[in-house]
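The values are calculated or read from the model by the stated rules, or taken from the named source; none is laboratory data. Nothing here was measured: the structure is a model prediction, and the numbers come from that model. Neighbour counts are summed over all protein chains in view; Cβ atoms, including those assigned to glycine, are modelled from backbone coordinates with ideal geometry.
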Amino acid sequence: MAGNAHAVNTEVSPEFYRVSSAPAEPLQMDPPKLPDLTPFTPAAVEAKIVRKPAAKVSLQRMTGMDQLTEFTGGDERLREWVSRQRGMPQAIVVEGGYLTPAGLAKALQPRYFAEVEPGVYMLRAPLVVMPGATLHIDKATKDFRMSTDRGAFLINDGKLFITDTRVTAWREADNKQDWFAKKGQFRPFINAWGGTETYVVGSTISSLGYTSSKSYGFSISQYSPSMHPKMKRGHPTGWLLNSKWDDMWYGFYCYEADDVVIRGNTYINNLVYGIDPHDRSRRLIIAENTAYGTKQKHGIIVSREVNDSWIFHNRSYENELSGIVIDRSSVNNVLAYNETYRNKSDGVTIYESGNNLLWGNKAYNNERHGIRVRNSMNIKLYENLVVSNGKLGVYGHVKDLSNTDRDLLLDPFETSISMLIVGGKLVANSSGPMGVDSPLSLELYRVEMLSPTKSAGITLPGILGPYQDKILDLMVRQDKPVLIDYLGKDMEAKR
């Protein structure tokens, strides 16, 4: 049921539910098979670099370049570069081969690009890597600085390698890094378009991005709908390995990207999100990363049809909202063996996204719930450890969002929830081990509820409360799985 559906009354009376023993066999399940990470290494990236022939470098007007349409059209964005370049703005264009910053400095006047200290380069204009070209910001580069003053940014429409180096937004007038100061204020950024390959290994990417479209910091994006039809190529991809991302507007953003690998990185003190894959991205691997200190929202979030992806062995902590979020019709994802802790909202949040599996995660000491599930069907929680969270260990609920978030009307969702919880431990959570409001079904099997914080012992709020004694009798004394299911609107009508 799409749109603003009301599959279930959000305040269903407990009398319309039945509690019974569930069949045990369907609950048995092997641990999820996770992707093999051994192919994604620095050596494998090095083997992808083709160093011949040498590229050609030229200057072209920014207007009329398909790769720059997103940044020069529409809401008078060209003015940004007219004012910063003090004239009709130009871009550096790399075509037909391989190039490093050292080669770029030899090809251009210092007003566009220069080596300002040994191994330190300053980009003073937008730089476009064309299809068939490769830019390699290599380990001979100590710092690849992009001038805020001159409106510099980097667009990859070919191949981009950043290995064992540093990329930094730089305020030339003050001779210092362009640390975030004000929302909406221009800062340099990197964006890779459709059909491209982007690789970052062992590097630091710092202080990039602001609020304008495709300018969020470090982005891998399919071409925008407004761009010329001939630009349509395959989906972009890339590997980001063993690197640090800090003070970014978004640490990472992607749009309609496929098979991106984000492995072993650290996302620290970024502004809005640490890792943020978006719209219709598929088969992503987000593994072995650390995301913490995000100042406005979440450490890791996937949103709007980010499907068939794996999020595992990550740590996400001390973020302003949740540690990990699955959002807006993102389905068939596996979250396994992650740790989320000391976040100011939930450890793991699932919003309007069905058919997702959470296996072997740890959520502890978060200020709200350990795991929250809203308006999502067929959510499976296996062998998770949820400890000492500020509210419930596991919280499932439905919510009518039509009057609270108009943007959500663009996405299909149902005010329905069903959950399967197998194994794991819910320990010392302040408001109780779990609470589920108005589910279509809830199955519980071998769930350990330990160390209640209330003097009355274990309490189950929401729809579970009236059936607490029967639920605990089945689970604890009889060691049987429990099924709580909704008997339907017919019973409500008879009332």
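On the stretch given as segment 236-281, residues that are more than 13 Å from the chain's Cα centre (by Cα) and either at pLDDT below 95 or among the hydroxyl-bearing types (Ser, Thr, Tyr) (or both) total 3.
How many residues does segment 64-76 hold that are surrounded by fewer than 16 Cβ atoms within 10 Å (Cβ to Cβ) and out of contact with any His (no Cβ under 6 Å at 6 or more places or on another chain)? Before the answer, list the steps.
Let us first name the residues in segment 64-76 that are surrounded by fewer than 16 Cβ atoms within 10 Å (Cβ to Cβ), namely 64, 66, 73-76.
Then drop every residue that is not out of contact with any His (no Cβ under 6 Å at 6 or more places or on another chain), which leaves 64, 73-76.
Count: 5.
Within segment 322-348, the residues that satisfy the criterion of being under 13 Å from VAL386 (Cα atoms) and crowded, with 24+ Cβ neighbours inside 10 Å are ASN338, THR340, ASP346, GLY347, VAL348. Among the residues of segment 13-38, those identified as farther than 30 Å from ASP308 by Cβ and modelled with pLDDT under 80 are SER13, PRO14. In segment 449-483, the qualifying residues are those that are surrounded by 14 or more Cβ atoms within 10 Å (Cβ to Cβ), assigned to a strand (DSSP E or B) and within 33 Å of the chain's Cα centre (by Cα), and the one that is modelled with the highest pLDDT is MET449.
Every residue, every condition in (1) without any contact (Cβ under 8 Å) to a residue 40 or more places away in the chain; (2) closer than 19 Å to ARG263 by Cβ; (3) of a type in the set (Gly, Ala, Ser); (4) touching a Gly at 6+ places or on another chain (Cβ under 8 Å), yes or no:
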| position | (1), (2), (3), (4) |
| --- | --- |
| TRP310 | no, yes, no, no |
| HIS313 | yes, yes, no, no |
| GLU318 | yes, no, no, yes |
| LEU321 | yes, no, no, no |
| VAL331 | yes, no, no, yes |
| LEU335 | yes, yes, no, no |
| ASN343 | no, no, no, yes |
| LEU357 | no, no, no, no |
| VAL386 | no, no, no, yes |
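The rows are residues; the columns are (1) surrounded by fewer than 22 Cβ atoms within 10 Å (Cβ to Cβ); (2) not acidic (Asp, Glu).
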residue: THR211; (1), (2): yes, yes
residue: SER215; (1), (2): no, yes
residue: SER221; (1), (2): no, yes
residue: GLY234; (1), (2): yes, yes
residue: TRP239; (1), (2): no, yes
residue: ASP246; (1), (2): yes, no
residue: ASP259; (1), (2): yes, no
residue: THR266; (1), (2): yes, yes
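Give, as residue ranges, the strands (runs of 3 or more DSSP E) completely inside segment 274-347 that count at least 3 residues that are closer than 20 Å to MET377 by Cα, in contact with a strand residue (DSSP E or B) (Cβ under 9 Å, 6 or more places away or on another chain) and hydrophobic (A, V, I, L, M, F, W, C). Can you show your working first?
On the way: elements: 285-287, 290-292, 300-303, 310-312, 315-317, 324-327, 334-336, 339-341.
Answer list for segment 274-347: 324-327, 334-336.
The combined condition, being within 30 Å of ARG86 (Cβ to Cβ), among the hydroxyl-bearing types (Ser, Thr, Tyr) and part of a loop (DSSP other than H, G, I, E, B), is fulfilled by THR141.
Working carefully through the options GLY217, GLY238, GLY234, find the one that is in the same structural domain as PRO131 (by TED's automatic domain parsing) and not polar (S, T, N, Q).
Values: GLY238 fails: in the same structural domain as PRO131 (by TED's automatic domain parsing); GLY234 fails: in the same structural domain as PRO131 (by TED's automatic domain parsing).
So the residue among GLY217, GLY238, GLY234 that is in the same structural domain as PRO131 (by TED's automatic domain parsing) and not polar (S, T, N, Q) is GLY217.
Here is a check on your reading of the model: is SER402 surrounded by fewer than 22 Cβ atoms within 10 Å (Cβ to Cβ), touching a strand residue (DSSP E or B) at 6+ places or on another chain (Cβ under 9 Å) and in contact (Cβ under 8 Å) with a residue 40 or more places away in the chain?
Against the criterion (surrounded by fewer than 22 Cβ atoms within 10 Å (Cβ to Cβ), touching a strand residue (DSSP E or B) at 6+ places or on another chain (Cβ under 9 Å) and in contact (Cβ under 8 Å) with a residue 40 or more places away in the chain), SER402 qualifies.
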